[in-house]
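Below is one structure; the comments refer to it alone.
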Amino acid sequence: MYEFLQRDIDYVIRVDEILWGCVLLAITLIIHGVGLLQMVRTSARLMARTTVTPTGFRALVFIVTILLIVVLHLVEVMVWALFFTWKGAQPNASSAFYNALVNYTTLGAGYLPIRWRLLEGMLGMSGLLCFAFSTSALLALAQQLLHLPFTAEQGTTTRATDAAGNRTENER
């Protein structure tokens, strides 16, 4: 049987710890949602306008979007790090950022004082949700990136129905 430390036996989940975690999780998801929406919209518009330019430009837009998403994740980590510094859960901003980053990426190697240890799990949930959100946006963008060259090569056709009800295809 395992022996537990007395501090672990005495630990009680506090309501303010849960509330702060929920607030930080909501802030993180709002930042991510708004930032990702703007990035994907802008990237999609740039790729759609460049159907006649080389594929390299569209790939460059995709790569820049990926880099911006990484920056967005780092901004979200910074929000958590600022909280840890503000509440005295870490000795300085560098330690707070490191701790937030390892927990956001779910490595779990960071350390928070026992008073805030529930936030390590909530920070991990935040990271998982944001990574999943980013992945879905990148997949949608990649699909558009791959779809554009095919529609440009094949020519865009529209389907219409004539007066007799027969289907016709018209080149645009």
* **Number of positions in the stretch 99-124 that are in contact with a helix residue (DSSP H, G or I) (Cβ under 8 Å, 6 or more places away or on another chain), surrounded by 15 or more Cβ atoms within 10 Å (Cβ to Cβ) and not in a loop (DSSP other than H, G, I, E, B)** => 12
* **The one condition in (1) more than 15 Å from the chain's Cα centre (by Cα); (2) open to solvent by less than 70 Å² (accessible area, probe 1.4 Å) that residue 82 fails to fulfil** => (2)
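The values are calculated or read from the model by the stated rules, or taken from the named source; none is laboratory data. What you are looking at is a predicted structure, and each value in this text was computed from that prediction instead of being measured. FYI the Cβ positions are ideal-geometry reconstructions off the backbone, even for glycines, and counts take in every protein chain you see. Accessible surface areas use protein heavy atoms only, side chains included; no ligands, DNA or RNA. Shrake-Rupley method; radii C 1.70, N 1.55, O 1.52, S 1.80 Å.
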